[in-house]
Amino acid sequence: MGCGRVGSTLARSLEDRNHTVSVIDSDPDAFRRLGPHFNGDKVAGIGFDQDVMEKAGIRRADAFAAVSSGDNSNIIAARVARETFGIQQVVARIYDPGRAEVYQRLGITTVATVKWTADQVLRRLLPAGAEPDFRDPSGTIRLDQVPIPERWIGQRTVHFQEQSRCRIAWIDRLGEGILPHRESVIQEGDILHLVMREENAAHAYRVIESGPQED
């Protein structure tokens with residue numbers, strides 16, 4: 001639901017991945033953004049109206065995204081898709097971060113547009129470790145991207161994890177993603193993607209900066 005810049009880009013991206021897509025928008029002119037090669041259905045109408053959703057094929061759908069410009073419309077549409085039509089994969093775009101947290105707790109996956117954008121900028125302004133790449137809705141778990149200091153080069157990843165009390169989800173190495181195993185060794189230029197508890201972040205970054213400790 002929603003054929004603005006986000007909705008039209010999402011629809012084309014899904015179709016490029018060989019998915020069948022239907023798009024709902026209250027303004028028929030909005031469908032121009034889909035371009036001439038879009039093969040999915042275009043349904044003009046109110047996106048949370050059950051008849052409109054039926055016309056768009058909601059009963060055949062595996063997922064539903066509410067990405068219009070209105071928080072209220074997106075939440076209503078997401079709830080109708082989930083509660084009335086039983087769609088499990090439902091995502092709603094929300095501008096108000098407070099609302100996004102509330103609906104996240106209710107089981108509706110939300111993308112808080114303003115907060116997400118602000119977080120992206122913050123991560124590029126602040127020193128490493130100040131803001132994570134991702135924080136789960138409860139605020140308990142975070143994912144950080146860390147260029148490894150020279151003092152850790154040659155150390156085994158298992159040794160790093162034991163001392164930092166965090167897990168290496170994957171390593172960016174020479175443009176390729178690497179999943180570490182017990183014998184993996186940290187190499188020059190590695191970027192570690194670390195999963196850690198929020199309260200452990202300060203300890204983890206102290207260990208990263210200070211280097212490995214002898215057993």
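The values are calculated or read from the model by the stated rules, or taken from the named source; none is laboratory data. Keep in mind the model is a prediction, meaning the values are calculated, not measured. A quick note on method: Cβ atoms are made from the backbone with ideal geometry, for glycine too, and the neighbour counts reach across all protein chains shown.
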* Asked: So, in the stretch 35-59, of the ones that are in contact with a Phe, Trp or Tyr (Cβ under 9 Å, 6 or more places away or on another chain) and not hydrophobic (A, V, I, L, M, F, W, C), which residue ends up farthest from Ala11 (Cα to Cα)?
  -> Gln50
* To do: Enumerate the pairs (first residue in the stretch 193-204 and more than 15 Å from Ala169 (Cβ to Cβ); second residue anywhere and in a helix (DSSP H, G or I) and hydroxyl-bearing (Ser, Thr, Tyr)) with beta-carbon separation below 8 Å, excluding pairs fewer than 6 apart on the same chain, so at least 6 apart or on different chains.
  => His203/Ser164
* Asked: Inside the stretch 97-183, counting only strands (runs of 3 or more DSSP E) that do not spill past its ends, which hold 3 or more residues that are at negative phi and either at pLDDT 95 or above or of a type in the set (Lys, Arg) (or both)?
  -> 167-173
* Working only within the stretch 1-45, note down all residues that are part of a helix (DSSP H, G or I), among the polar types (S, T, N, Q) and surrounded by 15 or more Cβ atoms within 10 Å (Cβ to Cβ). => Ser8
* Meets criteria (outside the structural domain of Pro137 (by TED's automatic domain parsing) and either in contact (Cβ under 8 Å) with a residue 40 or more places away in the chain or surrounded by fewer than 18 Cβ atoms within 10 Å (Cβ to Cβ) (or both)) for Arg82 -> no
* Leading residue by the ranking (surrounded by the most Cβ atoms within 10 Å (Cβ to Cβ)) among those in the stretch 142-191 that are of a type in the set (Lys, Arg), touching a residue at least 24 places away in the same chain (Cβ under 8 Å) and farther than 16 Å from Gly211 by Cβ -> Arg142
